Amino acid sequence: MERVLIFGNTPESREAARMLRQRGRQVVISVTSEYARSLLPAGTLCHVGKLDAAGMLDYIRQVNPHRIIDAT
C-alpha cells in the first residue's frame, strides 16, 4: 500500500488526506496541535507536535513514505 506523508493542517491538506484515503492510500499527517488533529478525517494516522528540520527528517525516515506533501 502506498504511504503518503502530509505536513500541515490547512483545508487543502485535509482535502488531500480525504481524497488519498478514498483512493486506498495510507495517509500520515503531521500537525502541531490536538485541535488540528480533531479536524482530520476519521482514521487518519497523525503526529501531533512541532518539528524542526532535524525532527522532520527523523520523522520522514521513521514513516518511510512513498510521497511527501508539504501543505503548510
message = In Å², and per residue, what accessible area does region 1-49 have when probed at 1.4 Å with the other protein chains present?
response = 54
task = Using Cα pairs closer than 8 Å and at least 6 residues apart in sequence, work out the relative contact order for the chain, in percent.
result = 47
remark   = Among (i) 0.95; (ii) 0.98; (iii) 0.93, the value of Rg/Rh (Cα atoms, Kirkwood Rh) computed for this structure carries the label (iii)
task = Would you calculate a helix-derived [θ] at 222 nm for the chain, using -39,500 (n - 2.57) for each DSSP H run of n ≥ 4 and dividing by the full residue count, to the nearest 500?
result = -11000 deg cm²/dmol
note = With Cα springs under 10 Å, the Gaussian network model of the chain assigns the largest mean-square fluctuation among 57, 39, 20 to 57
message = So for each of 27-34, 48-55 I average, over its residues, the number of other beta carbons within 10 Å; can you give me the resulting order with the highest mean first?
response = 27-34, 48-55
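The values are calculated or read from the model by the stated rules, or taken from the named source; none is laboratory data. Here the structure is a predicted model, which is why all the values come from computation and not from measurement. All Cβ positions, glycine included, derive from the backbone under ideal geometry; neighbour counts span all protein chains shown. Calculation scope for accessible area: heavy atoms of the full protein, side chains included, ligands and nucleic acids excluded. Shrake-Rupley method; radii C 1.70, N 1.55, O 1.52, S 1.80 Å.
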